[in-house]
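Coordinate-derived values only; no laboratory data. The shown structure was predicted, so the numbers you read here are calculated from the model rather than taken from an experiment. All Cβ positions, even for glycine, are placed from backbone atoms using ideal geometry, and neighbour counts span all protein chains on display.
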Number of protein chains: 2
Amino acid sequence: MNQQYPSVLLEKAVGEFAKLPGIGRKTAMRLVLHLLRQDTQSVEAFGNAMITLKHEVKYCRVCHNISDTDVCRICSDASRDTSVVCVVENIRDVMAVENTQQFRGLYHVLGGVISPMDGIGPSDLQIDSLVDRVRAGGVKEVILALSSTMEGDTTNFYIFRKLSGFDVKLTVIARGISIGDELEYTDEVTLGRSIVNRIAFTGTM
Amino acid sequence: MNQQYPSVLLEKAVGEFAKLPGIGRKTAMRLVLHLLRQDTQSVEAFGNAMITLKHEVKYCRVCHNISDTDVCRICSDASRDTSVVCVVENIRDVMAVENTQQFRGLYHVLGGVISPMDGIGPSDLQIDSLVDRVRAGGVKEVILALSSTMEGDTTNFYIFRKLSGFDVKLTVIARGISIGDELEYTDEVTLGRSIVNRIAFTGTM
């Protein structure tokens with residue numbers, strides 16, 4: 001394969017792009033040739049944006065969300081409800097929940113879920129620091145917003161046990177059929193759960 | 001939108017990725033977070049590979065293909081037939097033809113095709129240097145291997161006129177139905193051309 005490349009430098013750049021998830025060698029080549037057509041300044045901006053991010057990135061010491069400062073924007077926002085903490089897997093989930101504009105509490109980013117298959121145990125996650133936050137007081141409710149997978153459920157249960165001694169309400173986000181989904185195409189587990197966990201109909205959805 | 005990002009550095013890196021063709025903001029975020037999980041050395045290798053390529057890339061002074069040296073590997077390969085020059089649009093086309101392993105001559109990379117709509121005229125392309133190569137002698141055949149589009153055809157015709165005064169055979173790659181294509185799904189222009197340009201059947205394809 002390598003012999004086909006007219007340039008070692010090109011081969012190297014394509015190789016680096018092709019390491020990214022979902023980017024094959026053809027796409028990598030297309031992207032590299034696109035960058036090569038840009039001016040030097042743009043290419044430097046591209047390359048350095050990633051290097052600078054990696055060097056200077058911080059994580060909030062309260063919620064472990066990505067941040068430019070010691071304590072992130074959300075944790076230091078005085079208008080937010082500090083008594084509710086939403087536990088999520090990663091920073092993308094924080095952004096997903098923020099996008100709903102339905103939540104005005106704080107977050108706690110675990111950094112993953114318990115997954116023995118991948119060698120990820122409770123000590124690899126920010127669970128102890130969650131317990132510390134609850135122990136420090138002021139938190140009335142912890143919302144578990146992890147993926148609806150076996151690993152997510154395991155992690156939910158682990159956190160449930162860890163927090164059982166504290167005076168804190170533990171909730172889990174609702175699972176059910178998605179808005180716009182048709183019943184006949186919904187899998188039976190989801191449909192079953194959404195019947196078991198039905199809520200009172202108040203005239204609006 | 002920007003306010004949703006927990007970090008300006010993250011926003012910047014995602015923005016740079018999202019400038020690439022075919023990469024939306026969601027994919028950009030996924031790629032940046034992937035890189036963020038890699039060690040510092042890998043991220044530096046990624047960013048610097050592009051910057052180094054942009055700084056140090058050379059183009060062969062004979063055929064204008066991308067190269068690490070003054071004259072590219074193909075042009076300096078003594079085993080190749082220097083009397084045949086295949087004219088292509090860009091370096092990806094060189095690689096495409098090389099991959100067929102059917103061509104042992106040299107290349108000439110135009111850097112595009114004549115496209116008045118995009119403001120690309122003959123002077124923006126390496127056409128004069130092609131004429132110079134032919135004028136210098138030694139070239140017996142010029143193969144036009146441009147895209148089968150109006151712009152490609154225009155460029156073919158422009159080169160045809162430019163080379164009309166020289167003792168050089170001008171050919172164009174065959175157009176017809178693709179190997180494996182079914183006749184009923186082939187567009188009529190292609191099918192028509194492939195009938196007009198039929199070749200003698202010799203028992204093998």
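Structure data summary
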read-out	value
Lys, Arg +1 and Asp, Glu -1 on Cβ, resulting dipole of the range B:1-117 about Cα centre, debye, nearest 20	360
Per-selection Rg to Rh, the range B:2-56 - Cα, Kirkwood hydrodynamic radius	1.00
Extended-chain gain in nm, criterion 0.36 nm per residue less alpha-carbon gap, A:Arg198 and A:Phe166	8.7 nm
Distant-in-sequence amide H partners of B:His108 (H built 1.01 Å from N, under 5 Å)	B:Cys86, B:Val87, B:Val88
Förster radius 45 Å - calculated FRET efficiency between A:His34 and B:Asp128, Cβ distance, rounded to 0.05	0.95
Shortest-first distances to equivalent copies, position A:Glu184, nm, label 7 Å out along Cβ	3.0
Distance violations [Cα-Cα > 32 Å] among A:Lys58/B:Lys19; A:Lys54/A:Lys169; A:Lys12/B:Lys140; A:Lys58/B:Lys54; A:Lys19/B:Lys140	A:Lys54/A:Lys169; A:Lys12/B:Lys140; A:Lys19/B:Lys140
Computed helical MRE - 222 nm, chain A, DSSP H runs ≥ 4 contributing -39500 (n - 2.57), nearest 500	-12500 deg cm²/dmol
Exposure proxy ranking, count of Cβ atoms within 10 Å, fewest first, for A:Asp132, A:Asp181	A:Asp132, A:Asp181
Calculated Rg and Dmax of the protein assembly as shown using C-alpha coordinates, Å	29.9, 94
Under 20 Å from the Cα of B:Lys162 - aspartates and glutamates, other chains or at least 8 residues apart	B:Glu89, B:Asp124, B:Asp128, B:Asp132, B:Glu141, B:Glu151, B:Asp153
Rel. contact order, % - alpha carbon contacts under 8 angstrom, at least six apart, the range B:33-80	19
Rg and Dmax of the range B:27-172, Cα atoms only, in Å	18.7, 61
Peptide A:32-41, shielding by other chains (average Cβ, 10 Å cutoff)	4
Nearest-20 debye value, the range B:103-205 charge dipole, Cβ charges on Lys, Arg, Asp, Glu	620
Nm distances between copies for A:Ser76, ranked from closest, using label points 7 Å along Cα→Cβ	5.5
Residue-averaged beta-carbon neighbours from other chains (10 angstrom radius) around A:90-101	2
Degrees, to the nearest 10: B:25-37 long Cα axis against longest axis of chain B	70
Closest-to-axis residue of chain A (Cβ criterion, axis taking A to B), whole Å	A:Gly47, 2
Sorted by Cβ neighbour density within 10 Å, fewest at the top, the residues A:Ile195, B:Ile91, B:Ile179, A:Ile143	B:Ile179, A:Ile195, A:Ile143, B:Ile91
Relative exposure of B:Ile173, B:Ile66, judged by other C-beta atoms within 10 Å (fewest first)	B:Ile173, B:Ile66
For the protein assembly as shown, size of Cβ-based charge dipole, Lys and Arg +1, Asp and Glu -1, in debye	440
